[in-house]
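Before any comments, here is the structure.
The values are calculated or read from the model by the stated rules, or taken from the named source; none is laboratory data. Please read all numbers here as calculations on a predicted model, not as lab measurements. No Cβ is skipped: glycine too gets one built from the backbone with ideal geometry, and neighbour counts run over all protein chains shown. Note: accessible area is taken over every heavy atom of the protein model, side chains too, but ligands, DNA and RNA are not part of it. Shrake-Rupley method; radii C 1.70, N 1.55, O 1.52, S 1.80 Å.
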Amino acid sequence: MGHHSLLQKQMKEHLTNGARLEEIKPLIEAVSSTYNRSEQKRKVLEQSIEFTNQQLIQRNAELNRQVSELSRTKKDLEQSYSLLQASLSSTYDALIMLDEKGSIRLTNANFDQMFEVDAISTGFAHLSDFLDHSQTVVLKNQKFVSAMLSSLAFPEKTFSLEIRTHDGRWIEAYSKAHWHDNEIVGQVWSFRDISALKLKENEAKHRTYHDFLTGLPNRHSLLKRLRKSLNNLKEAQQTLVLFIDLDGFKDVNDSLGQSVGDALLIEVARRLEEQVPRDSVLTRHGGDEFVAIMNRQTDYASAYEFCNGILSCFAAPFHIGHQDIYMSVSIGIASSDHHSKQSDRLITSANLAMTQAKKKGKNTYELYDSETSSGCEHRMKIRNEINIALKENQFELVFQPKICLESGSIRGAEALIRWRMPDGSSRNPMEFIPIAEESGQIIPISQWVIKRCCEHLNDWMPHLDPDFVLALNISAKHFQKGLLQSDVAAVLKDVKTIPSMLELEVTETAIMDDIELAVSTLNELKKLGIRTAIDDFGTGHSSLSYLRKLPIEVLKIDKSFIDEIISSNEDRTLVKGIIDMVHALGIDVVAEGVENHQMAVLLQNMNCDLVQGYHYCKPIPECDFIELIRARLCYI
């Protein structure tokens, strides 16, 4: 093995004696070996340093790449956050986002404004901070606090409630779980100011239960109050109903005009109110008819005193404008002792007694006497004749067109039942339908109507447009019995018409009596392909918010709202509000009772979809209706 070059150089310089070189040879070998090993280590170290330097260059390049990627990610996140903030700021709702422990992750400007939060100085960190603050904003906030805390305790559930603020606002609150990677990571609460909606609901409710002209409770309120009075009776007590009708009021309207008649009714209502005894209520039944309810009476003494007071107060004239008008009244009295808790019969009996008072010369009062009334016999006669009419096919349908205000074309019709007697005369539906409702005969009548409508659709099919819809009224009793779905399915199986061309109209009251049954029934009808509509909207006690739950296609505004839209700014505003809100839910609107061109123009400007009424066409027989369809007239 050769010596290291450095060692060889030193040996040449300092070791010239060969004998001596031989002596120190082991030492030289050892030193040379050490030099060699050192050289090898140096080379290895140099190689290692070179390799490490390459790694560092590569690592630095990777770090630079990651920094660039993080910069791009940061920019994307900043843009996403900016978009989120813009979305939160532009949404109508107030929002608050919580994590699973109740820490507040995010709120928007609407939230700060709605709950009077100063975001800079307050800066809530946890839900408990906000709930403490809410006491200064939310009226009776215990329920609100409980709901928000419960949403954290039971994150999979959805919570909703309405809250009232100290300054009178109504707020709708709704919670929803925040999911991430199939795991709940928090809650999102949204809040919406529904004060305007509540105001319109209250206006509609007041309009439903109060007479617009006199401000008195109306017929709907009368029935509600009377049922309550009858249900609260104790032993030896009775409820008395007084049916008060003006004598000769028609002459006033015909000779002096409706405006004078309305002014007279207002003054009559005020004068009657002054006579109403304690624990009694006065209502306007309609037209020139008023009904008073006297609660918890033990005899007729107070009723007789009340009647005499009314007759006496009418002795003085009514000063209307520059005229003095003398009026009198006829009054009928009926007692719950004779009618148990049947409120409708109680009012009818008081009405019959009033009729007897008119027959005895007017300006007096009469107590109901069952022996002089033929009402029961008449109802029994009608019930028997209904059965005969069904067997002998005495019922028939007439049809009133529904006009599209956008195109002016006939888009459908409403089928209405008529009873043609064997002698050729007709019986008024208002005479037999209530009796059929009471007896349950309305169900076989409804079944007959459904089948006839399907048969008519099949007969008319060559003349109909694809979007034509034939509507028919469904009895509340039929709807609430739970038989409607199976009856309709059986008819469709038998007649085989196009289901979407058939529309069932159900009254608002029938739906609101059992909202869960209503939703279930309407969904079943929807599965059959049948269209459904709420009829007489505004006469019941529903909340507009319930419409979101009902699977309906059409809402019909009751005629009582349409009647006054020309003269009443309040009614115009109310009808326009209903149309706008219902359209927002994707539901079409039909206005019934359109009697003139001015009404039609107003409704067209309100974006009402369909109208029907005598302005366009009265209910007509099938043969005339077919000719109308064939003519394809334009009504605008």
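Inter-label distance, Glu431 to Asp514: 3.3 nm, where each label sits 7 Å from its Cα along the C-beta direction.
Multiplying the residue separation of Gln47 and Lys493 by 0.36 nm and removing their Cα-Cα distance gives an extension gain of 151.3 nm. Heavy-atom accessible area for Glu392, with the other protein chains in place and a 1.4 Å probe, reaches approximately 120 Å². Estimated from the Cβ-Cβ distance and a Förster radius of 22 angstrom, the FRET efficiency linking Ala301 and Asn232 is about 0.60.
Extension gain, Glu156 to Gln54: 0.36 nm times the residue separation minus the Cα-Cα distance gives 31.2 nm.
For the range 325-483, a crude dipole built from +1 on the beta carbon of Lys and Arg and -1 on the beta carbon of Asp and Glu, taken about the Cα centre, is about 320 debye to the nearest 20. Here the range 169-229 has 53 percent of its accessible surface on carbon and sulfur atoms, given a 1.4 Å probe and all protein chains in place. Per-atom-type breakdown for the range 550-636 gives carbon and sulfur 51% of the accessible area (1.4 Å probe, protein chains only). If the segment from Asp262 to Thr136 were pulled out straight at 0.36 nm per residue, it would be longer than the present Cα-Cα gap by 40.6 nm. In this label model, Lys526 and Ser71 are separated by 5.4 nm, measuring between points 7 Å along each Cα→Cβ vector. For the pair His322 and Asp459, a Förster radius of 45 Å applied to the C-beta separation gives a FRET efficiency near 0.15, rounded to the nearest 0.05. Excluding ligands, DNA and RNA, the accessible surface per residue across the chain is 54 Å² with a 1.4 Å probe.
For the pair Thr34 and Asp624, label points projected 7 Å from Cα toward Cβ lie 13.4 nm apart. For the chain, the share of DSSP beta bridges that are antiparallel, to the nearest 5, is 70%. Every helix of 4 or more DSSP H residues in the chain counts as -39500 (n - 2.57), and over all residues that averages to -16000 deg cm²/dmol at 222 nm.
Working from Cα pairs under 8 Å separated by at least six residues, relative contact order for the chain is 8 percent.
Between Thr91 and Leu223, what FRET efficiency comes out of the Förster formula 1/(1 + (r/R0)^6) with R0 = 45 Å and r the beta carbon distance, rounded to 0.05? Write out the running numbers ahead of the final one.
Numbers: r = 44 Å, r/R0 = 0.97.
The value I calculate is 0.55.
Given a 1.4 Å probe and the protein chains as shown, Arg42 ends up with an accessible area of around 100 Å².
Give me the percent of accessible area attributable to carbon and sulfur for the range 365-505, probe 1.4 angstrom.
Numbers: 3370 of 6490 Å².
With neighbouring chains kept in place, the figure for the range 365-505 is 52 percent.
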